[in-house]
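Only one structure is covered here, and it is reproduced in the block below.
The values are calculated or read from the model by the stated rules, or taken from the named source; none is laboratory data. Model, not experiment: these values are computed from the prediction. Using ideal geometry, Cβ is built from the backbone for each residue, glycine included, and neighbour counts are taken over all protein chains shown. Heads up: the accessible areas ignore ligands, DNA and RNA and are worked out on the full protein's heavy atoms, side chains in. Shrake-Rupley method; radii C 1.70, N 1.55, O 1.52, S 1.80 Å.
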Amino acid sequence: MNKILEEIRRAITGPMQEMDIIVESITYENQGNYNFMTIELDKVNGIDLDTIVAATEVINPIIDELDLIDDSYILDIISKEKGE
């Protein structure tokens, strides 16, 4: 799975950089009956909900086109928490 997640990271990093967005992490895990792919994003001076929505609209078709994961999963794109 790590190779798949790295391939996804490579595919989305360029488009995210064009939007001044940093791809912090990508994880894939099972929680109960569901699989979750979580992509954590950040941006200088923080990232707002509108930016998350715009990033999701770019990321989702890229991941769909790659078609690397056979299992059903929920794509969860989140902002990096600022809780230091």
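Can you list residue pairs whose Cβ atoms sit under 9 Å apart, with the first residue in segment 32-59 being closer than 22 Å to Gly14 by Cβ and in contact (Cβ under 8 Å) with a residue 40 or more places away in the chain and the second being buried (at least 16 other Cβ atoms within 10 Å of the Cβ) and among the polar types (S, T, N, Q)? Count only pairs 6 or more apart in sequence or on different chains. Final answer for the pair search is Glu40/Ser79. For Val23, the test of being under 12 Å from the mean Cα position of the chain (by Cα) and either without any contact (Cβ under 8 Å) to a residue 60 or more places away in the chain or open to solvent by 70 Å² or more (accessible area, probe 1.4 Å) (or both) is passed. Here Thr13 passes the criteria (1) open to solvent by 60 Å² or more (accessible area, probe 1.4 Å); (2) not in a strand (DSSP E or B) except the one numbered (1). Evaluate segment 23-41: report whether one residue or more is in a helix (DSSP H, G or I) and modelled with pLDDT of 95 or more. Looking through segment 23-41, none of the residues is in a helix (DSSP H, G or I) and modelled with pLDDT of 95 or more. Taking segment 61-71 as the range and being in a helix (DSSP H, G or I) and surrounded by 13 or more Cβ atoms within 10 Å (Cβ to Cβ) as the test, the residues that pass are Ile62, Ile63, Leu66.
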